[in-house]
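Input: a single structure, listed below in structure tokens.
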Amino acid sequence: MIRATTAPYGITLLRVSLGILFLTHVGLKVFVFTIPGFVAYFASLHLPAILAYGTIALEALGGIALVLGIYAPWVAIPLALEMLGTIVLVHGANGWLFTNKGGGWEYPAFWAVSLVVLSLLGDGALALRPSQTRSR
């Protein structure tokens, strides 16, 4: 049974945590790998440079939207698809464990599932722009 009085706060915790993770992920790309380094990495995967910039933008704007609660269930979907893309294009060939060389697909899969769960649950409490109005 779901506790109606506390569930919205659990959803908020999930939403804000996922948003912070994406913002720190962007920080890794910008400050550690650097934007030119990240673009070069995409080129090594035979992906267009514009996708590297799009990934940074998606993670930054998506992370902010999740933290603030701006249409969070809708924002979670493209972020989940991005995580699935990393499994297919990067981590899938490295095996299951994320501690494997090059990082396996365990962590991106958990991240994708968490985003889908958030999308199914809704905005939670304290959302600035809830994705839907209350049911009647």
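Values in this text are rule-based calculations from the coordinates and carry no lab data. Given the structure is predicted, the values throughout are model-derived calculations rather than measurements. For neighbour counting, all protein chains shown are included, and Cβ atoms are generated from backbone atoms with ideal geometry for every residue, glycine included.
Looking at (1) out of contact with any Ser or Thr (no Cβ under 6 Å at 6 or more places or on another chain); (2) in contact (Cβ under 8 Å) with a residue 12 or more places away in the chain; (3) aromatic (Phe, Trp, Tyr), can you tell me which one Trp74 breaks?
(1)
The conditions are (1) touching a helix residue (DSSP H, G or I) at 6+ places or on another chain (Cβ under 6 Å); (2) under 30 Å from Thr5 (Cα atoms), and Ile64 fails exactly one of them. Which is it?
The one condition Ile64 does not meet is (1).
Which one is nearest to Leu45 (Cα to Cα) among residues in the range 89-115 that are surrounded by fewer than 16 Cβ atoms within 10 Å (Cβ to Cβ) and in contact with a helix residue (DSSP H, G or I) (Cβ under 7 Å, 6 or more places away or on another chain)?
Checked the range 89-115; the qualifying residue nearest to Leu45 (Cα to Cα) is Gly102.
If you go through the range 1-15 one residue at a time, how many are among the hydroxyl-bearing types (Ser, Thr, Tyr) and under 16 Å from Ser114 (Cβ atoms)?
1
Looking at the range 1-53 only, could you name the residues that are among the hydroxyl-bearing types (Ser, Thr, Tyr), closer than 21 Å to Leu128 by Cα and not in a loop (DSSP other than H, G, I, E, B)?
Tyr9, Thr12, Ser17
Assuming Gly85 fulfils every condition listed in (1) part of a helix (DSSP H, G or I); (2) touching a residue at least 12 places away in the same chain (Cβ under 8 Å) apart from one, which condition is it?
Single failed check for Gly85: (2).
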